[in-house]
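For reference, the structure is listed below as structure tokens.
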Amino acid sequence: MFPTACRAAIDQIRTQAVSPMSLLAALAMPAVFAFILYSHTATHTDAATAVGIAGIGMLNAVIVDLLVSLSGEKRWKTLYPALSSPGGLIPLVVGRLVGVAVQSLISLPGTLLMLTLIWGMSPNFDWSRWFLGGLCLAVATTALVGLLSYSLLRFPSSPGMTNGLTGVLIALSTLLVPSTALPPFMQPIAWLVPQSHVMAWVHGGAVAELATALSQSTLIYLVILLSVRRVEHAARARAIPLEA
Amino acid sequence: MDNHVVRGALLSYRALFTWSNPLGYLSSRIVRPIGLTVTFGALSSHYGAVVGPTLIGASLLAGAHAVIYGMALSVGNERSYGTLDIWLASPQNKLGAVCQRALPHLVDAFISGMITYLACCALFGVLPLPAQTFAWLLVLSLISSFGYGTMVSGLSMTIKDVFVPPNLTYLTLMVLSGALVQADMLPGPVRSVSAVFPLSHVMQGIEEPDVLGAVGGEAAVGLLWFTVGALVIHRAVLHARR
Amino acid sequence: MSILGSNGAGKTTTVRMLTGLLLPTAGEAVIEGYDVVRERRKAALACGSSLGGDSGLYPRLTALQNLAFFGLMYGMRGQALKRRAAELLDHVNLTDRADEPVSTFSRGMRQRLHLARALLHKPPVLILDEPSAGLDPHSAASMRRLVRSFADEGHSVLLTTHDMREAEELSSRVVLMKDGSVHTEATPAELRLGAARQHGFVVEVIWNGSDSTGNCSNCPGLMDIKQDRGVTRLRVRDGGMAVQWLLAELGAQIPSLSVSPPTLEEVFLSMTEVR
């Protein structure tokens, strides 16, 4: 299982890492958000801003890459050989998720470079919170978007259905502003999203925030694994189509 | 309007607009613009700015988004379905067809923009402009967005990845239209470029009320991009035959 | 008329130039008197083309909606378009599936719909790129019957194909293309007879039993001989003379005898030097 997952992750990176859409999502979109953010504030780039802007790139990139990857598997009918292999679909899906997460990390240095060049870096830039926060954000984002794997695998894909995710998750992840700036009814929902806890830690919160984010992410990954098992069962028991 | 024009427009919408399923439509035309407008509204209020203009700008952008992506998909998906050759080989006027296919997306854009505006105003508890006034501004911005969309359609005829042209052009609009970033916040040389982008004159008209300027400006911007679009489409058709 | 040629010979490029999808770098092409470059619109109206394959139709539209949408592209309107679409769906046996999305269609059904689409605006010339490629034998035969019937109705049909039987069955003339130019143009019979002068005729002899095989080594004009369990295949310079000799010398042992020039497939292989 492990070698299959590794292969799936490597192939994911090899085939999609420099696709125009992936780069647009991971780098161009956060650059635009940075521009909008800096039209409101004139400070130098601190770790929280850098991680938040990178988070927008990660979110977009993970959605785009996962969608392209899994719908590609369905279009090329490659899920059937995976399903008939001893490990089933799980190594493939895990590998793709790992690959997508690694791919999305390009946003971290990419956006920092852009932010520093255009707006300069704060003298008190907290490198450890930037690096660790960025890594945790990639893990949390991939977990949350990874839930999409189930519907992508299980149902005939409805094109466009992931578009709304970008809007909702950018708002709920509190990547640019704290949850208190959101409309009141959205504030408690934001804390269900692991990215919010990562951002709270990056903003100077306690380690418990990071632990909460990682616990939430772990739970979501378990849900993803169970849901993929359900898809496998449905495909074998009820012959649901695994092709586009 | 002639029956066959409407019929062709509706068939093109059903055939080529892949987001016309309930989930895709709701997600793309309603949830996404509301989510983004909430984000930008929250950003404004967090940094002490007045939230109203941001809600107006982001909602107008939601309309522009619907036009740009709709028009791009109505041409780009010809490639996805392998029908681009048949369309190119037909005697149909391609610019005329692009305009015809834009009709349902203009209606969609109006719906999307209005819902985004009203929903986000309710969420933030403000109403910076009466709904009717906003509706007129939206119609005005859709005129220039249609011109811009014609150019995006032309690009979609030649660029293989159907989503690259609308994404690139929409991101440009986010920065340069004045909808989210006020023109005077843009660097000097970029500020003058902003005037040729859709929405910029409407947004300026909101800051310094000038109805004629906004109407004339948006119409001129629309005409400019429509002319560019016509040239791009003409070149794309010629390019396809070489 | 069929265009035959190996991959890369220029068949599809020719079709794309004729249908206005590619501009020729030199020369001219005329359809129904209209130059495909200078009078592209009129030439496009004069020809219907089907580039075949799984794609080329809108999967989200029904068969009827597909025909309506393509009809509008070709300037058809209103009731005339509705009637023509229904008539063609009937012609290609898809009336009962008219209101189902094309995404649910089999390859054979899509090919038939391609054909209906190509005929929608009643073009005098029909250009088909491999109309039966990838179809099962039954669907391929049905497709050939359809094409034949359109030719019988007076349409000029130009088809590119890899299927020699299809070319032979449907074409009054065959063009063999090689390296981007016309190598040979003739009727299928002329091509086969021409090849026979070079490669000889095949005479197939079926003997009374595998133990009563006769000795054919003295057959006049013999070029090659192969034995296979009671059947002998001779390649000879003159089919008529060989038959006369066989009947005279070994007639009592021969219940069946046939003579044929090389098949179109052999002509094709000989031209492309695969053999």
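The values are calculated or read from the model by the stated rules, or taken from the named source; none is laboratory data. Computed from a prediction, not measured in an experiment: that's the story for all the values here. Every residue, glycine among them, receives a Cβ derived from its backbone with ideal geometry; neighbour counts consider all protein chains shown.
Below is a table of values for the structure above.
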read-out	value
Those helices (runs of 4 or more DSSP H) lying entirely in the stretch C:1-112 with at least 3 residues in contact with a Pro (Cβ under 7 Å, 6 or more places away or on another chain)	C:40-46
Tally, over the stretch A:1-34, of residues that are assigned to a helix (DSSP H, G or I) and either farther than 19 Å from B:Pro166 by Cβ or among the β-branched types (Val, Ile, Thr) (or both)	17
Per-region count, the stretch B:122-141, residues surrounded by 14 or more Cβ atoms within 10 Å (Cβ to Cβ) and in a helix (DSSP H, G or I)	10
Condition check for A:Ser215: more than 14 Å from every other protein chain (Cβ to nearest Cβ), out of contact with any strand residue (DSSP E or B) (no Cβ under 8 Å at 6 or more places or on another chain), under 22 Å from A:Ala61 (Cβ atoms) and at pLDDT 90 or above	no
Members of the stretch C:113-140 found to be in a strand (DSSP E or B), surrounded by fewer than 24 Cβ atoms within 10 Å (Cβ to Cβ) and at pLDDT 90 or above, listed by number	C:Val125, C:Leu126
Qualifying residue in the stretch A:153-172 (condition: of a type outside the set (Gly, Ala, Ser), farther than 27 Å from B:Tyr25 by Cβ and out of contact with any Gly (no Cβ under 9 Å at 6 or more places or on another chain))	no
Candidates B:Asn77, B:Asn93 - the one that is among the polar types (S, T, N, Q), more than 7 Å from every other protein chain (Cβ to nearest Cβ) and without any contact (Cβ under 8 Å) to a residue 40 or more places away in the chain	B:Asn93
Total residues in the stretch A:139-186, condition without any contact (Cβ under 8 Å) to a residue 24 or more places away in the chain, aliphatic (A, V, I, L, M) and assigned to a helix (DSSP H, G or I)	4
Subset of the stretch C:54-67 [facing chain B (nearest Cβ under 7 Å) and more than 20 Å from C:Arg77 (Cα to Cα)]	C:Ser55, C:Gly56, C:Pro59, C:Arg60
Single match in C:Glu39, C:Glu100 (criterion: surrounded by fewer than 21 Cβ atoms within 10 Å (Cβ to Cβ), within 13 Å of chain B (Cβ to nearest Cβ) and either under 30 Å from A:Ala244 (Cβ atoms) or of a type in the set (Asp, Glu) (or both))	C:Glu39
Given (1) farther than 30 Å from A:Ala50 by Cα; (2) over 19 Å from the mean Cα position of the chain (by Cα); (3) touching a residue at least 40 places away in the same chain (Cβ under 8 Å), number of the condition A:His203 does not satisfy	(1)
Which numbered condition C:Ser50 misses (of (1) modelled with pLDDT of 90 or more; (2) facing another protein chain (nearest Cβ under 10 Å); (3) surrounded by 19 or more Cβ atoms within 10 Å (Cβ to Cβ))	(1)
Conditions (1) part of a helix (DSSP H, G or I); (2) within 8 Å of another protein chain (Cβ to nearest Cβ); (3) more than 12 Å from B:Phe124 (Cα to Cα); (4) among the hydroxyl-bearing types (Ser, Thr, Tyr); number of the one not met by B:Ser59	(2)
Helices (runs of 4 or more DSSP H) fully within the stretch B:1-55 counting 2 or more residues that are among the small types (Gly, Ala, Ser) and within 11 Å of chain A (Cβ to nearest Cβ)	B:32-46
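A quick yes/no check of all residues on (1) in the same structural domain as C:Pro24 (by TED's automatic domain parsing); (2) touching a residue at least 12 places away in the same chain (Cβ under 8 Å):
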position: C:Ser181; (1), (2): yes, yes
position: C:Phe201; (1), (2): no, yes
position: C:Cys216; (1), (2): no, yes
position: C:Cys219; (1), (2): no, yes
position: C:Asp224; (1), (2): no, yes
position: C:Asp228; (1), (2): no, no
position: C:Val231; (1), (2): no, yes
position: C:Arg235; (1), (2): no, yes
position: C:Trp245; (1), (2): no, yes
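Here's the yes/no breakdown for (1) at negative phi; (2) among the β-branched types (Val, Ile, Thr); (3) modelled with pLDDT of 90 or more:
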{"position": "B:Val190", "(1), (2), (3)": "yes, yes, no"}
{"position": "B:His201", "(1), (2), (3)": "yes, no, yes"}
{"position": "B:Val215", "(1), (2), (3)": "yes, yes, no"}
{"position": "B:Gly229", "(1), (2), (3)": "yes, no, yes"}
{"position": "B:Arg241", "(1), (2), (3)": "yes, no, no"}
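Conditions tested, residue by residue: (1) in contact with a strand residue (DSSP E or B) (Cβ under 6 Å, 6 or more places away or on another chain); (2) part of a helix (DSSP H, G or I); (3) at pLDDT below 90.
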{"position": "C:Leu234", "(1), (2), (3)": "yes, no, no"}
{"position": "C:Trp245", "(1), (2), (3)": "no, yes, no"}
{"position": "C:Ala252", "(1), (2), (3)": "no, yes, yes"}
{"position": "C:Val259", "(1), (2), (3)": "yes, no, no"}
{"position": "C:Pro262", "(1), (2), (3)": "no, no, yes"}
{"position": "C:Glu265", "(1), (2), (3)": "no, yes, yes"}
{"position": "C:Phe268", "(1), (2), (3)": "yes, yes, yes"}
{"position": "C:Met271", "(1), (2), (3)": "yes, yes, yes"}
{"position": "C:Val274", "(1), (2), (3)": "no, no, yes"}
